[in-house]
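The structure that follows is given in the form of structure tokens.
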Amino acid sequence: MKILTGNDLKTGAVVWWTGYDWSIHVEDAVDVDGEADAIAAREEGARRVNGPYAIDAQREDNGGVRPAHIKDRIRALGPTVRPDLTLKPADPNAGNWVI
Amino acid sequence: MYKYDQYDQAMVDTRVAEFRDQTQRRLEGKLSEDQFKPLRLQNGLYLQLHAYMLRVAVPYGTLSSAQMHMLADIADKYDRGYGHFTTRQNIQYNWIKLEDAPDILADLATVEMHAIQTSGNCIRNISSDQFAGAAADEIADPRPYAELLRQWSSFHPEFLALPRKFKIAVIASQTDRAAMKLHDIGIRIVKNEAGELGAAFYVGGGMGRTPMIAPCIKEFVPLDQLITYSEACLRVYNRYGRRDNKYKARIKILVHELGKDEYTRQVEEEFAHLQTQGIEPPLAELERIKAHFADPAFEAAASDDLDLSDPGFALWVERNCVAHKQPGYIIANISLKPVGGIPGDASAEQIHLMADLAKAYSFDELRVTHAQNIVLPHVKKADLHALWQKLDAAGLGTANLDTVEDIIACPGLDYCSLANARSIPVAQKISQRFAETGKTETLGELKLKISGCINACGHHHAGHIGILGVDRKGVENYQLLLGGCEGDDTSLGQITGPGFDEDGIVGAVETATNVYLANRQDGERFLDTYRRIGMAPFKEALYG
Ligand code: HEM
Ligand code: SF4
């Protein structure tokens, strides 16, 4: 699948396109195949997101979404060296998902 | 320390107001990102992996306690409670919100700080010797010259759109502690036979994808021509540096392509012309600046005695402290490299504590080093034990300066959008491995430097052992380099061969140190042994 990501204009937070809004959780991302450019242009124009771009990703068995490239997985989770600052501070295995 | 005059303060305050307005217009949609990006970059605001990143300039690495407290306050108030000290003696915050950026810059301005010229194709923050004004081997304090250059280069209209970024380092001692020859311009303050001070110019060094060591193009420029000569160097570059190819745009490529002699000839020609233009600031200005860097009020009869009966303290003194020019005083290095920690990161509490300790024990002064550590430059020996106890209690007393644990590492793929691989976890694993095996002390001085991509922010070319992160079909991979060095005998590391995965690189570093231990002769450091025996025995051990 193709998913759309960018950074929130005001906060810089990493965000993912959910079909009607932006979420900080990658598992909320939806397939945007074919529509990526149109959504990106509209949302950037609406000043909600900075530098949106489409990436390859995979739907996981548990319903999650896994970006194809490690860089986007680190963006999705947070810095692997500061688990306390990631989106899943309580999950000791969260880092394994990145690698 | 330098104090802003009315011009300095007005410049910075005006810039803050301007940026507040620009940010407002961006948030209101009156500016597009394409229009806004160059404006925010001119104020040190990048967009990185997780948020906006703010790089704050620390001119020549010198900070007062009040400035250091402000850096901690910013970490607390606007970021997530920590900051990252960099190889360019700056500090970076990783979790900045655009809406907060103007307030942060306003806060910084209240303590004479800013983020101007920390990005973009201009003359960047000028770096210097972290022991300036304290080192026993210096012939002068290099900072007044660095400050003069800062004033000249700040908003210099001709040099705000250079072919590429431009980095200057200034030193004034026998030992080069600032990697001076790996800068676009390295300036060494020297004394001629008549005993007069002047500046030796090294031009065209750099790291990145094409590392080069700067040749000396002029051995003695009188101090009343320092700015004029610098201007001549920049003008030739600005005119002929390549703008067609970003990867060939640094001055090192120009100097290399023209040849040192032809580049020097053109600089001399420009210099002769500029001397007729009267652009050099009056020497009185240099004297005014120098007065700000007068020695603090050292105690005249301070004792040189140190009680080293506490073994932990004795080790820290041996490893982390350096001779001071003033009897009874010593330079104390605070390692930001606890075993398994993140090189260069410090929490807001630690930054506050270091500021307090500087006030209590070091005449209110701190320095940031290019090795991502902090220095208290002027500590009375009689106070040293008390200082160490307080540092140690806060996890800041690690005795590992210049050892294999004192690793320079760039933010890498954990934070940086240009990265190919993560740097920090590799640094953490290596320092843990050596601390566990107890080999750190045996290995002595060993400089290990890691970059997460070819841009070389982590100085991997200049590490006795260097590590470069690469992307191998979407998987992190690490190349090993040996034999790099910065300082007087600057050399560039050579790649050993095929790269390693994350665990493999830790083992490879250990293997390389074993080759050293098996071959070293009396008093040799890793680098010396490598230079004597060459790459072959290391390759043999690594790849068999
Ligand atoms: C995270 C954001 C960063 C970005 C986007 C970035 C970008 C770059 C780029 C593109 C270069 C190569 C320039 C060239 O070769 O023309 C470079 C070089 C360099 N950067 Fe960074 N960097 C970042 C962080 C850092 C940090 C954290 C440090 C200090 C630890 C640093 C210090 C340096 C140094 C020392 C060089 C090499 C010196 C030279 O320019 O020759 N940078 N950086
Ligand atoms: S070396 Fe590469 S990965 Fe590391 S900070 Fe510089 S640009 Fe980022």
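Determine the gain in length on full extension of the stretch B:ASP489-B:GLU524; use 0.36 nm per residue of separation and subtract their C-alpha separation, reporting nm with one decimal.
Details: separation 35, 0.36 × 35 = 12.60 nm, distance 1.52 nm.
Between B:ASP489 and B:GLU524, full extension yields 11.1 nm more.
Right, another one. Under 4.7 Å Cβ to Cβ, no partner at all: give me those cysteines from the protein assembly as shown, in residue order.
B:CYS122, B:CYS216, B:CYS233, B:CYS321, B:CYS416, B:CYS453, B:CYS485
What are the principal axis extents of the Cα atoms in segment B:142-290, in Å, biggest first?
Cα extents, longest axis first: 42, 35, 26 Å.
Out of residues 5 or more away from B:HIS114 or on other chains, whose amide H comes under 5 Å of its own, with H placed 1.01 Å from N in the peptide plane?
Here B:ALA57 satisfy the definition.
Of the accessible area of segment B:115-176, with the probe set at 1.4 angstrom, what percent is carbon plus sulfur? Don't jump to the answer; show the numbers that get you there.
Numbers: 720 of 1440 Å².
With neighbouring chains kept in place, the figure for segment B:115-176 is 50 percent.
Residues of segment A:49-95 with accessible area at least 20 Å² lower in the all-protein-chain context than alone (1.4 Å probe)?
Residues losing area: A:ASN50, A:HIS69, A:ILE70, A:LYS71, A:ILE74, A:ARG75, A:PRO79, A:THR80, A:VAL81, A:ARG82, A:LEU85.
Relative contact order for chain B: what is it in percent, counting Cα pairs under 8 Å that are at least 6 residues apart?
Working: 1168 pairs, mean separation 67.8, N = 544.
In percent, rounded to a whole number, it is 12.
Can I ask one more? Between B:VAL470 and residues 5 or more places away or on another chain, which pairs have amide H atoms under 5 Å apart, with H built 1.01 Å from N, and which residues are they?
Amide H neighbours of B:VAL470, under 5 Å, 5+ apart: B:ASN477, B:TYR478, B:GLN479.
What number comes out for accessible area per residue over the protein assembly as shown if the probe is 1.4 Å? Units Å², please. Before the final figure, lay out the partial values.
Details: 24570 Å² over 643 residues.
Solvent-accessible surface per residue comes out at 38 Å².
In the calculated pair distance distribution of chain B, what percentage of Cα-Cα distances lie above 42 Å?
On the way: 24239 of 147696 pairs.
In whole percent, the long-distance tail amounts to 16.
On to the next question. Computed FRET efficiency, Cβ-Cβ of B:GLU262 and B:LEU418, R0 41 Å: what is it to the nearest 0.05? Write down the numbers at each step before the final one.
Details: r = 33 Å, r/R0 = 0.81.
Efficiency, from the Cβ-Cβ distance: 0.80.
Let me ask something additional. Accessible area drop of at least 40 Å² (1.4 Å probe, protein heavy atoms): which residues of segment B:38-65 qualify, relative to the chain alone?
Flagged in segment B:38-65: B:LEU47, B:LEU49, B:HIS50, B:TYR52.
Under unit Cβ charges (Lys, Arg +1; Asp, Glu -1), what dipole magnitude, rounded to 20 debye, does chain A have relative to its Cα centre? Before the final figure, lay out the partial values.
Details: 12 positive and 16 negative charges, 79 e Å.
In debye, rounded to 20, chain A gives about 380.
Return the equivalent ellipsoid semi-axes of segment B:89-210 as a descending list in whole Å, where each equals the square root of 5 times an eigenvalue of the C-alpha gyration tensor. The partial results should precede the final answer.
On the way: eigenvalues 166, 61, 39 Å².
Ellipsoid half-lengths, sorted descending, are 29, 17, 14 Å.
Count the lysine pairs in segment B:408-543 whose Cα atoms lie under 23 Å apart, taking only pairs 8 or more positions apart in sequence or on different chains.
Close lysine pairs under the 23 Å cut-off: 9.
Find out how many positive minus negative residues lie around B:HIS352, taking Lys and Arg as positive, Asp and Glu as negative, among other residues whose Cβ is under 13 Å from that of B:HIS352. Before the final figure, lay out each step's value.
On the way: positive: B:LYS77, B:LYS359, B:LYS390; negative: B:ASP73, B:ASP76, B:GLU349, B:ASP356.
So the environment of B:HIS352 carries a net charge of -1.
Something else now. State the extension gain, in nm to one decimal, for the chain segment bounded by B:GLU33 and B:ALA394, taking 0.36 nm per residue of separation less the distance between their alpha-carbons. Could the numbers behind the result be given before it?
Details: separation 361, 0.36 × 361 = 129.96 nm, distance 4.25 nm.
Gain in length upon complete extension: 125.7 nm.
Measure up B:LYS37/B:LYS97; B:LYS181/B:LYS252; B:LYS181/B:LYS218; B:LYS359/B:LYS390; A:LYS71/B:LYS77; B:LYS3/B:LYS167 against 20 Å on the Cα-Cα distance and list the ones that go over.
On the way: B:LYS37/B:LYS97 15 Å; B:LYS181/B:LYS252 11 Å; B:LYS181/B:LYS218 13 Å; B:LYS359/B:LYS390 13 Å; A:LYS71/B:LYS77 28 Å; B:LYS3/B:LYS167 23 Å.
Listed pairs above 20 Å: A:LYS71/B:LYS77; B:LYS3/B:LYS167.
To the nearest 100 Å², how much accessible surface do chains B and A hide from each other in total, with a 1.4 Å probe? It would help to have the intermediate numbers written out before the result.
Values: alone 20800 and 6010 Å², together 24570 Å².
That pair hides around 2200 Å² of surface in total.
Counting Lys and Arg as +1 and Asp and Glu as -1, each charge on the Cβ, what is the dipole of chain B about the Cα centre in debye, to the nearest 20? Could you put the intermediate results ahead of the total?
On the way: 58 positive and 73 negative charges, 378 e Å.
The calculation lands at about 1820 debye.
Please turn the phi angles of segment A:51-59 into ³J(HN,Hα) values with the Karplus equation 6.51 cos²θ - 1.76 cosθ + 1.60 (θ = phi - 60°), one per residue in order, whole Hz, x for glycine and proline.
Per residue, the Karplus-derived 3J(HN,Hα) values read x, x, 8, 9, 9, 7, 8, 10, 7 Hz.
Let me ask you something else. Straight distance only, please: which aspartates and glutamates reach the Cα of B:LYS30 with their own Cα at less than 13 Å, same-chain residues fewer than 8 apart left out?
In chain and number order, the partners are A:GLU44, B:ASP21.
Can I ask one more? Give me the net charge for the shell around B:LEU448: Cβ to Cβ below 14 angstrom, other residues only, Lys and Arg +1, Asp and Glu -1. Walk me through the intermediate numbers first.
Numbers: positive: B:LYS337, B:LYS429, B:ARG433, B:LYS439, B:LYS447, B:LYS449, B:ARG525; negative: B:ASP402, B:GLU405, B:ASP406, B:GLU445, B:GLU486, B:GLU510.
Net charge in that neighbourhood comes out at +1.
At 0.36 nm per residue, and after removing the present C-alpha to C-alpha distance, how many nm does the segment from B:ALA302 to B:ARG25 gain when stretched out fully? Walk me through the numbers on the way to the answer.
On the way: separation 277, 0.36 × 277 = 99.72 nm, distance 5.76 nm.
Residue separation times 0.36 nm, minus the Cα-Cα distance, leaves 94.0 nm.
Separate question: How large a share of the accessible area of segment B:250-367, in percent, is made up of carbon and sulfur atoms when the probe is 1.4 Å and the other protein chains stay in place?
The nonpolar share, carbon plus sulfur, comes to 54 percent.
Can you give me the % of accessible surface on segment A:2-98 that is carbon or sulfur? Probe 1.4 Å, all protein chains present, nothing else counted. Spell out each step's value before the answer.
Working: 2230 of 4650 Å².
In segment A:2-98, the share of accessible area belonging to carbon and sulfur is 48 percent.
Each residue of segment B:332-340 in turn: what ³J(HN,Hα) in whole Hz from Karplus with 6.51, -1.76, 1.60 and θ = phi - 60°, glycine and Pro shown as x?
Here the 3J(HN,Hα) series is 10, 9, 9, 6, 9, 10, x, 4, x Hz.
Sort B:28-34, B:89-95 by the packing proxy (mean of other Cβ within 10 Å over each peptide's residues), most packed first. Write out the running numbers ahead of the final one.
On the way: B:28-34: 12.0, B:89-95: 24.6.
Packing order, densest peptide first, comes out as B:89-95, B:28-34.
Using the Karplus curve 6.51 cos²θ - 1.76 cosθ + 1.60 with θ = phi - 60°, what ³J(HN,Hα) values do you get for each residue of segment B:263-276, in whole Hz, with x for Gly and Pro?
Result, ordered by residue: 4, 4, 4, 5, 5, 4, 5, 5, 4, 4, 5, 5, 5, 7 Hz.
Looking at the protein assembly as shown from every direction and averaging, what is the projected area of its Cα convex hull in nm²?
Details: hull surface 119.9 nm².
One quarter of the hull surface, i.e. the mean projection, equals 30.0 nm².
Using modelled backbone amide H atoms (1.01 Å from N, in-plane), which distant-in-sequence or interchain residues come within less than 5 Å of A:ASN50's amide H?
Sorted by chain and number, the residues that satisfy this are A:ASN7, A:ASP8, A:LEU9.
Next question, about the same structure. From other protein chains only, count the Cβ atoms within 10 Å of every residue's Cβ in B:89-97, then give the mean. Numbers along the way, then the final one.
Numbers: counts 0, 0, 0, 0, 0, 4, 6, 2, 5.
That average works out to 2.
The values are calculated or read from the model by the stated rules, or taken from the named source; none is laboratory data. What you are looking at is a predicted structure, and each value in this text was computed from that prediction instead of being measured. A quick note on method: Cβ atoms are made from the backbone with ideal geometry, for glycine too, and the neighbour counts reach across all protein chains shown. The area values use the complete protein model at the heavy-atom level, side chains included, leaving out ligands, DNA and RNA. Shrake-Rupley method; radii C 1.70, N 1.55, O 1.52, S 1.80 Å.
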